[in-house]
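First comes the structure, then the notes that go with it.
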Amino acid sequence: MNIRNFAIIAHIDHGKSTLADRIMEMTATITKRQASAQLLDSMAVEQAHGVTVKSRTVRNIYHADDGQDYEFNFIDTPGHVAFNYEVEKSLSATEGAILLVDATQGVQAQTVANYRLARKTGIVVLPVVNKVDSASAEVDKTEHQIRTAFPELKDSPILRISAKTGAGVHDVLEVIVHRLPAPTADNSLPLKALVFDSECDAFQGVIAYVRLFDGGLSAQNSLTLMASNRSFKAKEIGILTPNRLSQKKLAAGDVGYVITGLKDPQLVRVGDTLTETGRPTETALPGYAPAQSMVFAGVYPQDDYPTLKDAITKLALNDPSLHVTAAVSDALGPGFYCGFLGIFHLQIIKERLHDEYGVDVIVTAPNVTYQVTPNNGSGAVLTVTNPQHFPDFNTIEQVEEPMMRIELTTPAELLNDVMSLANQHKGVFVDMTNQDELVVLTYTIPLSEIAYSFFNELKSLTHGYASLSTSFANYAPADVVRVDVQINYAKVDALTFITHRNDVADQAQKLVHKLKYVVPRRLYPMPVQAIVEGKAIARVDIPPLRKKRSGER
């Protein structure tokens, strides 16, 4: 079978999207006239940050040196830690991945994290060193880092390329042909296709992106989504080049799309198995859990609520990791309370609202999920994602916060700095092991301590040479308090936040002093207070407006 399904995994700005552009050019998928930098990064926010946010799929036809034509189904993957769910979805639909490393920067955080994801799925990994033509390239050192960090690649040949100029990319195409396995699929079996991504079109409904593991798919087939048990007739099927191109049939091993016509995006779940209604497969593919929100925040319009409602609804349809519920604030009016993968995901959504829909928003302080046990003896446990719903302190028996198990892989010379960072964020040491020149530290740490800026601090501290991988551990008792903010003795619900008791004094002082300079003045002084358990722990007075003196402008 002359089909190769693969992805490219890399750290941010290591040239992944540029290599994708060169592959499409060299396989004549796009012409020179159609070519543009980061073609698959179509969103403005992706171009602005130089980071892929949403995975994309494209079919390329490559005429190999052996004289045969090969179908390359390439699935682009994001590079930032906040979008690991996109990487997992992409890798689950492939047989191999190109591990791309920048020769000027070497092995960095997401290089290690994405390699682990690839190894976990059991696919073949092909190491490639990029930017070898750069004056600051350290090719030999980078190759040594690859072989040291990834012992499984110790004897693997490493290609040297320049994705910018195209030098060496032909060798990458040949390696894909000869070293990546073809899909093991059988057209005679009932249809079994993995839904690895989806988007919602206002006119055509949900469009499912699928990888066929067994069986074929024809236009106008009656299909069933096994997890949601929902049947529909396919309106259109096809491939992506990278634009949608309709086809009459898709065969086992192919990657393509299905226009379902379904209007409810919740019916088409990522990880679901698509099969024929009249001839279903016996067992579904092993799916994976949907993305879980790590950070919650309120999003309110600066001007027009209906415009925000329309914009955020459309974003939620095409981003399954964005969870949206309606909310009303006494101070900010109607808006939405949203769940995000992390702070970077929140920033991306905020920028997309501005860039794509022209909506400017006010975002409240981010928060994580807490489990609260009341002292009324009922034994019921409340799940609190919104600080405004956090119960009064005199009604609480116990509060539990989510704890994460994290693995920090760092060069040995940075060990003390990384351990200090983990300790500053309330990390509890679990284990330490060595991987040649690298040290792997294991900690348990509150989610609230790593959800905001921990990754950026780690990256800055280690110049990108440390990696972070996380997994949920459990809920553990926590001494946290709700901080209410009053301006002129009136509570401002949108400013309420939850924090650890031993951090509350410092955080409250910083907040009230900042509000002193951002809250508009009136003709009389206004006190700003932070209230914890009925007591004011920080206060400043906003000075009144004063009349201009003679001669002042």
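Values for this structure:
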read-out: Helical contribution to [θ] at 222 nm, DSSP H n ≥ 4, -39,500 (n - 2.57), averaged over the chain, rounded to 500; value: -7000 deg cm²/dmol
read-out: For Ala227, residues with placed amide H under 5 Å, excluding near neighbours; value: Thr273
read-out: Sequence of Cys338, Cys200 when ordered by accessible area, the most exposed leading, probe 1.4 angstrom; value: Cys200, Cys338
read-out: Angle between the chain longest axis and helix 343-357 axis [Cα atoms, degrees, rounded to 10]; value: 80
read-out: Equivalent-ellipsoid semi-axes of the stretch 384-438, from the Cα gyration tensor, Å, largest first; value: 36, 11, 10
read-out: The stretch 474-530, relative contact order [Cα under 8 Å, separation at least 6], %; value: 42
read-out: Accessible area of the stretch 120-229 belonging to carbon and sulfur atoms, whole % at 1.4 Å probe; value: 51
read-out: The chain, accessible area per residue, ligands and nucleic acids excluded (1.4 Å, Å²); value: 45
read-out: DSSP loop GluC sites (Glu not before Pro) with at most 12 other Cβ within 10 Å: longest gap in the chain; value: 1-281
read-out: Globularity ratio of the stretch 304-455, using Cα Rg and 2.2 N^0.38 Å; value: 1.32
read-out: Carbon + sulfur, % of accessible area of the stretch 432-491 - ligands and nucleic acids excluded, 1.4 Å; value: 49
read-out: All aspartates and glutamates inside 16 Å of Lys491 as judged from Cα atoms, apart from same-chain residues fewer than 8 positions distant; value: Asp330, Asp392, Glu533, Asp541
read-out: Sequence-separation-based contact order of the chain, relative, with Cα cut under 8 Å and 6+ spacing, percent; value: 10
read-out: For the stretch 230-316, the Rg and Dmax computed from alpha carbons only, in angstrom; value: 17.7, 53
read-out: Kirkwood hydrodynamic radius (C-alpha pairs) into Stokes-Einstein, the stretch 428-553, 37 °C and 0.692 mPa s, D in µm²/s; value: 179
read-out: Per-selection Kirkwood Rh - the stretch 242-282 (Cα, Å, 1 d.p.); value: 12.7
read-out: Where trypsin sites (Lys or Arg not before Pro) fall in DSSP loop in the stretch 470-526, at most 15 other Cβ within 10 Å; value: Arg521, Arg522
read-out: Surface/4 of the Cα convex hull for the chain, nm²; value: 31.7
read-out: Alpha carbon Rg of the stretch 416-462, scaled by the compact-globule rule 2.2 N^0.38 Å; value: 1.14
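The values are calculated or read from the model by the stated rules, or taken from the named source; none is laboratory data. Note that the structure is a prediction, hence the values are computed from the model and not measured. Backbone-built Cβ (ideal geometry, glycine too); neighbour counts: all protein chains shown. With ligands, DNA and RNA removed, areas are computed over all heavy atoms of the protein, side chains included. Shrake-Rupley method; radii C 1.70, N 1.55, O 1.52, S 1.80 Å.
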